[in-house]
Amino acid sequence: MDRARTLFLELLSTAVWERTADSQLFESVDSNLWEQVCELAIDQKVVALIFDGVLSLPPELHPEKKIIFKLHLQSESIERTNNRINNVLKKLSAEYEKIGCPFVLLKGQANASFYPNPAHRTTGDIDAFLYQKGDYKKANDWARSKGFEMKPENIHHQAFKYEGVLIENHKWASYFGIRKFDRLLEQKVDEINANNDFLSIDIDGLEIKVLPHEFNAFFIFQHLFHHFIHLGVGIRQLCDWTLFLDRHSSILDKDAFLRLAIEFELLYGMQIFASVAVKYLGANPSIFPFATDTEDKYVDMVMDDIFNGGSFGKAIFQNKRFRSSLHRKWYSSNYSNKRLSKIHKIAPSHTANLPLNKVMTNIKVLFK
């Protein structure tokens, strides 16, 4: 691994585990190397965390002022965006309560709450799972009545922008595109709903519903892995899952979590990503309710894939020009198909028919 990646990972693990960076690693780091570290932070959407890591170093080892200033400005921007999203989340919750549409918050700001400084997790959108029958349509109708422009409907959600923040109304918590697993997922969520097993957390003074711990630990990984097998995933998503397990390790029903991993045939995939977190992020192996192996042949491959793909694999589209959205989808599909050979054995049941599943999903969306 090159030095820029080593420094990046040291700063990132420093931030997420609230420790001091290893000063010896940062002796004689020139401005060019610091710029490379900053580029990695931008690609992986962890700029504010890298800045936290930099500030743990002695002042004499800090990068030059222009780099410090850039990191500082971008970190402040991330903080402001977090505040704005939290305010929109409060407004959305209030509006949906008025029309009788309570929702479960998936990922996003809920994941931010696991970080030492929640405002330093780079934001995404607001994923609102409308778990009551009929509420998905009701919420979408409300958005239309307010004049919000609705994005084309996905296989399991429809999105719109509310005060500049992307809202995704989910009719399902998630999906696999594989009938066996989608039916099992629906069954699990129906059981949680029937038993009212949703939990609540506080986000900036707002009590909001979230998934129960064991299912959330599975769901956060499933979302990460879904993106991994299609195009790639960024290190922020690995941090989300690792920090969730770290914060909940003592209260997690490990047997229930393991049953989910086994039922959905994702245990080996989880072990690989957990081993990546142990080897490259400095996670404590004890937070994972299964064995890790940092010498597994897929661990380094997954870490390289994370670096090469950037956040959600978006790096593969950099400097590419497409004639249309169809052309972009064609390129994306070809890329996914080519990388299958190297990742197939991590979760064979999820990758064996991936090209066909992608085609069928696109056809379903086309005919909505």
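The values are calculated or read from the model by the stated rules, or taken from the named source; none is laboratory data. If you're wondering where the values come from, they're calculated on a predicted model, not measured in any experiment. Methodologically, a virtual Cβ is constructed for each residue, glycine included, from the backbone with ideal geometry; neighbour enumeration extends over all protein chains shown. With ligands, DNA and RNA removed, areas are computed over all heavy atoms of the protein, side chains included. Shrake-Rupley method; radii C 1.70, N 1.55, O 1.52, S 1.80 Å.
Worth pointing out:
- Taking the criterion of being out of contact with any strand residue (DSSP E or B) (no Cβ under 7 Å at 6 or more places or on another chain), part of a helix (DSSP H, G or I) and within 27 Å of HIS227 (Cα to Cα), the residues of region 89-128 that qualify are ASN111, ALA112, PRO118, ALA119, HIS120.
- Residue check for ILE192: among the β-branched types (Val, Ile, Thr) and closer than 23 Å to GLN237 by Cα: no
- Filter pass, ASN111 being under 20 Å from ILE220 (Cα atoms) and open to solvent by 20 Å² or more (accessible area, probe 1.4 Å): no
- Close contacts from region 226-250, counting a first residue that is modelled with pLDDT under 95 and hydroxyl-bearing (Ser, Thr, Tyr) and a second that is in a helix (DSSP H, G or I) and surrounded by 19 or more Cβ atoms within 10 Å (Cβ to Cβ), with Cβ to Cβ under 7 Å and a gap of 6+ residues or different chains, come to SER249/ILE287.
- Cβ-Cβ under 6 Å pairs, at least 6 apart or on other chains, region 72-83 side in a helix (DSSP H, G or I), far side of a type in the set (Gly, Ala, Ser): SER75/ALA48; ILE78/ALA48; GLU79/ALA119; ASN82/ALA119
- Any hit, region 275-292, residues being modelled with pLDDT under 70, of a type in the set (A, V, I, L, M), touching an Asp or Glu at 6+ places or on another chain (Cβ under 8 Å) and within 20 Å of CYS239 (Cα to Cα): no
- Conditions (1) open to solvent by 20 Å² or more (accessible area, probe 1.4 Å); (2) in contact with a Phe, Trp or Tyr (Cβ under 8 Å, 6 or more places away or on another chain); number of the one not met by ILE220: (1)
- Residues satisfying the stated conditions in region 9-42, i.e. touching a Gly at 6+ places or on another chain (Cβ under 7 Å) and closer than 17 Å to ILE78 by Cβ: LEU11, LEU12, ALA15
- Test: residue in region 313-334 that is at pLDDT 90 or above, out of contact with any His (no Cβ under 7 Å at 6 or more places or on another chain), open to solvent by less than 80 Å² (accessible area, probe 1.4 Å) and assigned to a helix (DSSP H, G or I): no
- Within region 129-173, considering residues that are among the charged types (D, E, K, R) and outside any loop (DSSP other than H, G, I, E, B), the one least open to solvent (accessible area, probe 1.4 Å): ASP135
- Matching entry among TYR136, TYR115, TYR131 (being in contact with a Pro (Cβ under 9 Å, 6 or more places away or on another chain) and modelled with pLDDT of 95 or more): TYR131
For every residue, the table says whether it meets (1) open to solvent by 60 Å² or more (accessible area, probe 1.4 Å); (2) touching a Pro at 6+ places or on another chain (Cβ under 9 Å); (3) in contact (Cβ under 8 Å) with a residue 24 or more places away in the chain.
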| residue | (1), (2), (3) |
| --- | --- |
| GLY177 | no, no, yes |
| ARG183 | yes, no, no |
| ASN193 | no, no, yes |
| ASP197 | yes, yes, no |
| ILE203 | no, yes, yes |
| ILE208 | no, no, yes |
| LEU211 | no, no, yes |
| GLU214 | no, no, yes |
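- Within region 34-50, the residues that satisfy the criterion of being part of a helix (DSSP H, G or I) and open to solvent by 20 Å² or more (accessible area, probe 1.4 Å) are GLU35, GLN36, GLU39, LEU40, ILE42, ASP43.
- Qualifying residue in region 23-35 (condition: under 22 Å from the mean Cα position of the chain (by Cα) and at negative phi): no
- Contact map, region 14-38: first residue more than 18 Å from PRO59 (Cβ to Cβ), second residue modelled with pLDDT of 95 or more and in a loop (DSSP other than H, G, I, E, B), Cβ cut-off under 6 Å, separation 6 or more or different chains; pairs are GLU18/PRO116.
- Scanning region 261-287 for residues that are of a type outside the set (D, E, K, R), over 14 Å from LEU224 (Cβ atoms) and not in a helix (DSSP H, G or I) yields GLY282, ALA283, ASN284.
- Out of GLU191, GLU207, one residue alone is within 15 Å of ALA128 (Cα to Cα), of a type in the set (D, E, K, R) and at pLDDT 95 or above. It is GLU207.
- Boolean, ARG5 is assigned to a loop (DSSP other than H, G, I, E, B) and closer than 25 Å to ALA112 by Cα: no
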